[in-house]
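Student: To start, I am sharing the structure in question, which I have written as C-alpha cells.
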C-alpha cells in the first residue's frame, strides 16, 4: 500500500486531490483505497459499469485528477477523459491479483481459458494512454514528510456518490475519522460499527457500499 501511495505521489497526486476508483471489488481496490488516504487525498468510488454519460458527470463533478481503472472500463473512461480534469489513468485487470500459476493457466489455448482471460484480463486498445497498476506499485514507499497534518474529523476521506436515478448522483462527504481500522460495537439503529457512539464504515472498503 505504501509503495502504491508513493507511486501515486510520483504521478502528481497530492493532499486534497480527488482520485477516482473505477474498479469492481478486488484486491487492487483495497490497495488503491488506502494508498489514496495515505497521501491525504480523497477517494471517489465509481461504478465500473457506468455509461459514458454517468462516468463523465461523476468524474467532472468530483474534480478527480487521477483514476484507477479496470481494463474493461478503460474505453469508457478514455472516451470522456477530455470532459474531466483527469491528468493520469492507471489501469489494472482482475487477473493481475491472481497467483502466477493461475495467470499461466489463463494463457492455455483452450476455450475455457480464453473465456476466463476475456473476463479477467480484457486488455487495452493499442496506444492506450495509461500507466499499469503494477508499475505504480513499484514506487518508493510514501512517507508523511511534507504532507502536513490531516485532521481526522474535518478532512474529507471519501466522496461516496449516491445511485438513485433519475436524479443526478450526489456525493456526501465522509470524514477520515469514519474509516476506522479497528471497528468496535454496533451503533444503535445501524448495521455498521461505531466509535464513541458515532457510526463508522467497515475497515475493509468495497466498491459497492449499501446501507
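The values are calculated or read from the model by the stated rules, or taken from the named source; none is laboratory data. Predicted model, so just to flag it, every value in this text is computed and none were measured. Cβ placement follows ideal geometry from the backbone for every residue including glycine, while neighbour counts extend to all protein chains displayed.
Student: May I ask you to say which residue of 27, 48 is more than 20 Å from residue 156 (Cβ to Cβ), crowded, with 18+ Cβ neighbours inside 10 Å and over 8 Å from the mean Cα position of the chain (by Cα)?
Tutor: Result: 48 is the single residue among 27, 48 that is more than 20 Å from residue 156 (Cβ to Cβ), crowded, with 18+ Cβ neighbours inside 10 Å and over 8 Å from the mean Cα position of the chain (by Cα).
Student: Scan 72, 7 and give me the residue that is in contact (Cβ under 8 Å) with a residue 40 or more places away in the chain, surrounded by 20 or more Cβ atoms within 10 Å (Cβ to Cβ) and out of contact with any strand residue (DSSP E or B) (no Cβ under 9 Å at 6 or more places or on another chain).
Tutor: 72
Student: I need the full set of residues from segment 80-100 which are surrounded by fewer than 16 Cβ atoms within 10 Å (Cβ to Cβ) and either at pLDDT below 80 or under 23 Å from residue 32 (Cα atoms) (or both), in order please.
Tutor: Hits for segment 80-100 are 85, 87, 99, 100.
Student: Give segment 6-18 a look and list any residue that's under 13 Å from residue 133 (Cβ atoms) and not in a loop (DSSP other than H, G, I, E, B), or say none.
Tutor: Across segment 6-18, the qualifying residues are 7, 8.
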